[in-house]
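Take a look at the structure set out below.
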Amino acid sequence: AGAPAVPAPDASAAAAEFIPAANVYDGVELLSLKCGARGVVYRVTFSARGGGVDWACSKRLLFGSLLALSSDGFATILWATVAHRSLDLLRAADGPRLDVALSEAQHRSFQLAQSRGARFQMLESPVFFDATRHTLTALQRISAERLPFSQTLLACAPVP
């Protein structure tokens, strides 16, 4: 069985802090999935909040961008990355489409929510995730007690 979605400590506050800096997409729905060299990839459709995105010139939803998906107002979050971005898909007549990849642990949670008819909201981080992926993964392996700046990094305490 896959791991459940990650609960946010204070969902409304976390989403409120993240949303102003993020690109927001509504009505995210699963269209199909496929297995590839990098694992399972989901093709989703969505609508860009505010509409009118010129996808040819936009820096939005580039390969490797970090995405937060939620179907419950960000009480739980599924993390994903952009796996494939194509102008043809983004300009589809029946709405933009995109391929996203979730961690293996989150596939079941995503598929279960989709099978129940859940519609997701998606937030895109303004920071390019793929460039920092290895550093963040290494930081996850360090225990909080041994991390010299854990109060700043993990508890968001101000730097003295």
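For segment 74-91, residues that are open to solvent by less than 30 Å² (accessible area, probe 1.4 Å), in a loop (DSSP other than H, G, I, E, B) and either modelled with pLDDT of 90 or more or among the small types (Gly, Ala, Ser) (or both) total 1. What pairs come up if the first residue lies in segment 103-114 and is over 12 Å from Val40 (Cβ atoms), the second is open to solvent by 60 Å² or more (accessible area, probe 1.4 Å), and their beta carbons are under 7 Å apart, counting only those six or more places apart or on different chains? Cβ pairs passing all conditions: Ser109/Pro4. Output the residues belonging to segment 19-55 that are part of a strand (DSSP E or B) and β-branched (Val, Ile, Thr). Within segment 19-55, Val24, Val28, Val40, Val41, Val44, Thr45 qualify. Quick one: Ser58 ticks every box in (1) under 28 Å from Arg116 (Cα atoms); (2) open to solvent by 20 Å² or more (accessible area, probe 1.4 Å) except a single one, so which number is it? Tallying (1) under 28 Å from Arg116 (Cα atoms); (2) open to solvent by 20 Å² or more (accessible area, probe 1.4 Å), Ser58 fails exactly one: (1). Would you confirm, using the coordinates I've provided, whether Phe63 is of a type outside the set (Ser, Thr, Tyr), within 14 Å of the chain's Cα centre (by Cα), in a loop (DSSP other than H, G, I, E, B) and at pLDDT below 85? Spelling it out, it is not the case that Phe63 is of a type outside the set (Ser, Thr, Tyr), within 14 Å of the chain's Cα centre (by Cα), in a loop (DSSP other than H, G, I, E, B) and at pLDDT below 85. Val44 meets the stated requirement of being crowded, with 19+ Cβ neighbours inside 10 Å, modelled with pLDDT of 90 or more and within 15 Å of Arg119 (Cβ to Cβ). Looking across segment 114-150 at every residue that is at pLDDT below 70 and among the aromatic types (Phe, Trp, Tyr), the one that is nearest to the chain's Cα centre (by Cα) is identified as Phe129. Filtering segment 93-101 for residues that are in contact with a strand residue (DSSP E or B) (Cβ under 9 Å, 6 or more places away or on another chain), part of a loop (DSSP other than H, G, I, E, B), open to solvent by less than 30 Å² (accessible area, probe 1.4 Å) and at pLDDT 85 or above leaves a non-empty set.
With respect to the stated conditions, Gln106 is at pLDDT below 85 and open to solvent by less than 30 Å² (accessible area, probe 1.4 Å).
The values are calculated or read from the model by the stated rules, or taken from the named source; none is laboratory data. This structure is a prediction, so every number in the text was calculated from the model and none was measured. In this analysis, Cβ positions are derived from the backbone assuming ideal geometry, glycine residues included, and neighbour counts consider all displayed protein chains. The protein model used for the area step is the full one, side chains on, heavy atoms only, and it has no ligands, DNA or RNA in it. Shrake-Rupley method; radii C 1.70, N 1.55, O 1.52, S 1.80 Å.
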